[in-house]
Amino acid sequence: MSPPAQVAVRSRPRDWVNNAIRLIEADAHRSADTHLLRYPLPSAWSDNAGIELYLKDETTHITGSLKHRLARSLFLYALCNGWISEDTTVVEASSGSTAVSEAYFAGRYLCYRRHATRLCVVDPENSAFYPAYAEFRYDILISASSRIERIGRPRVEPSFLPEVVDRMVSVPDAASIAAARHASAVLGRRVGASTGTNLWGAFGLLAEMAADGRSGSVVTLLADSGDRYADTYFCDEWLKTQELDTSAPATALTEFERSGHWD
């Protein structure tokens, strides 16, 4: 006589998990699309029809930044894998690697859809990605930390895929902050320094297109609001403590706005 079959049951709070997933999906429907803001380009470019700059405004998420999408996906993944239940305590620790995760998916999507689009990645001071890309070395370690929140890493993360990147631009911190301040004045709302980094790179691309007589659009991210940086990037005293002089890049931005010239 064969032994009776053994059955082990481990109950899961299905109702709670199902409702949690429903709430996450509802959030996805509410914030699936974020607006593309058209950035006003220099009036001197009025003859250069067909050159445009757009900012994909991720600040419209309820948590105010592009990390909202990633956090939503992480929680959905954890719920579906049974890692989070009603009584689970979640401890969250984030860093600039979340921005790398965004690039991991967005570089490859361009290739998948076969768009006639090229990917330019900007990198702040004290980040390992630009020198790694330029030197074909992925063992680079940077001893200092990036002063531009949300971006820049001291080492090359495994999710960095240089093969899908067409160009990289290294942006000095002073230029990132000057561009954030300049764009805040133009847009009538504060933007963070990572957005300033993006814009500094975008302005160079736009000027290059204009000089070559090429039309097209450049799209970058308005990553987060600058309101929470009132005591840092928008504070002159903080800039002094960091030994950051934004006067030269600020002058360059003013000249770019006036004439479209980019040095």
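Coordinate-derived values only; no laboratory data. Please read all numbers here as calculations on a predicted model, not as lab measurements. Cβ sites come from the backbone with ideal geometry, for glycine too, and all protein chains shown count toward neighbours.
Quick look at the numbers
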{"read-out": "Region 14-259, relative contact order [Cα under 8 Å, separation at least 6], %", "value": "23"}
{"read-out": "Ranked list, fewest to most other Cβ atoms within 10 Å of each Cβ, for His115, His68, His35", "value": "His115, His35, His68"}
{"read-out": "Using distinct alpha-carbon pairs, which all enter the 1/r mean, Kirkwood radius of region 14-259 in Å", "value": "19.6"}
{"read-out": "About the Cα centre, charge dipole magnitude for region 120-263 (Lys/Arg +1, Asp/Glu -1 at Cβ), debye", "value": "280"}
{"read-out": "If the convex hull is drawn through the Cα atoms of region 160-263, its volume per residue in Å³", "value": "123"}
{"read-out": "Burial ordering of Val156, Val219, fewest other beta-carbon atoms within 10 Å first", "value": "Val219, Val156"}
{"read-out": "Sequence-distant residues sharing a close amide H with Val171 (under 5 Å, placed H)", "value": "Asp123, Glu125"}
{"read-out": "Order of Thr246, Thr197 - criterion: other Cβ atoms within 10 Å of each residue's Cβ, fewest first", "value": "Thr246, Thr197"}
{"read-out": "Qualifying trypsin sites (Lys or Arg not before Pro) in region 168-263, DSSP loop, other Cβ atoms within 10 Å at most 13", "value": "Arg214"}
